[in-house]
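See structure below.
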Amino acid sequence: MVVAIDGPAGAGKSTVARAVARSLGYTYLDSGAMYRSVALATLEHGEPAAERARELDIELGMRVLANGRDVTEEIRTSRVAEAASKVATDPDVRKELVRKQQALMSKGDWVAEGRDIGTVVAPEAGLKVFLSASPEERAERRARELGIDPHQVLRDQTLRDEQDRAREHSPLRAAADAVEIDTTGRTIEDVVGQIGTLARERAGK
Ligand code: CDP
């Protein structure tokens, strides 16, 4: 089964998706790490981003490897996040990465997180969750994680959210059949528990 977790930056997707995958014994797929890896390659080697996406072999696991190079930390900077949101508007980049994601998920059980998992990558997912939280709380969480100024994070985040929601191809939105969960003021354990329960119900276990 596939559990799709979509939502805006800082909604807690990564932490929650990782924990849900662990509790269910499913494999975790961080689709954002793929867009970030393509963005880093484009910053380093130039456009066209679609060409960078095609030539990049991305391995996701404990570490993120792009053509064998460990980019785990480098792809987390705000510069790469902003560039990721830009390359993600390119339909050819999306086509390439969606193809890679679908190939990975064609076998086995997955918890996949991103912006378009429930709408485009895995429209048949057994459970779709759309995670959100207030913009201020999302920025605070991210600032704490990275040890940087929350006001700056909020500005960057607002820009990226707008870009992700307004783009023509696969904009960020909840699938019609997604369960919407607002995590504002809730603990990770609480949210993970709720999604785990929903997933077990859907999987019939
Ligand atoms: O961690 P955070 O939620 O801030 O970002 P991410 O999930 O790593 O994604 C980085 C950027 O990649 C997003 O701002 C999106 O523009 C893009 N993305 C996308 O378009 N589709 C996905 N399935 C995942 C990420």
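Read-outs: derived from the displayed coordinates by stated rules, not from any lab. Since the structure is predicted, the reported quantities are computational estimates derived from the model, not experimental observations. With ideal geometry, Cβ positions are generated from the backbone for all residues, glycine too; neighbour counts draw on all protein chains shown.
Here are the numbers for this structure:
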{"read-out": "Relative contact order [Cα under 8 Å, 6+ residues apart], the stretch 32-108, whole percent", "value": "35 percent"}
{"read-out": "Lysines whose Cα lies under 17 Å from that of LYS86, excluding same-chain neighbours fewer than 8 positions away", "value": "LYS95"}
{"read-out": "Proxy reagent accessibility, fewest Cβ within 10 Å first, across ARG141, ARG69", "value": "ARG69, ARG141"}
{"read-out": "Ranking of GLU189, GLU168, GLU113 by count of other Cβ atoms within 10 Å, fewest first", "value": "GLU168, GLU189, GLU113"}
{"read-out": "Proxy reagent accessibility, fewest Cβ within 10 Å first, across HIS45, HIS169", "value": "HIS45, HIS169"}
{"read-out": "Assigned charges on the beta-carbon of Lys, Arg, Asp, Glu; the stretch 32-108 dipole about Cα centre (debye)", "value": "320 debye"}
{"read-out": "Compactness relative to 2.2 N^0.38 Å, alpha carbon Rg of the stretch 32-108", "value": "1.01"}
{"read-out": "Positive dipole terminus of the stretch 32-108, leading residue within ALA33, ILE75, PRO48 (C-beta point charges)", "value": "ALA33"}
{"read-out": "Beta bridge orientation in the chain: antiparallel %, DSSP, nearest 5", "value": "25 percent"}
{"read-out": "Size of electric dipole in the chain: Cβ of Lys, Arg +1 and of Asp, Glu -1, about Cα centre, debye, nearest 20", "value": "400 debye"}
{"read-out": "Residues of type aspartates and glutamates that LYS107 reaches as a straight line, Cα spacing below 15 Å, ignoring anything fewer than 8 places off in the same chain", "value": "GLU124"}
{"read-out": "Percentage relative contact order, the chain, counting C-alpha pairs under 8 Å, at least six apart", "value": "34 percent"}
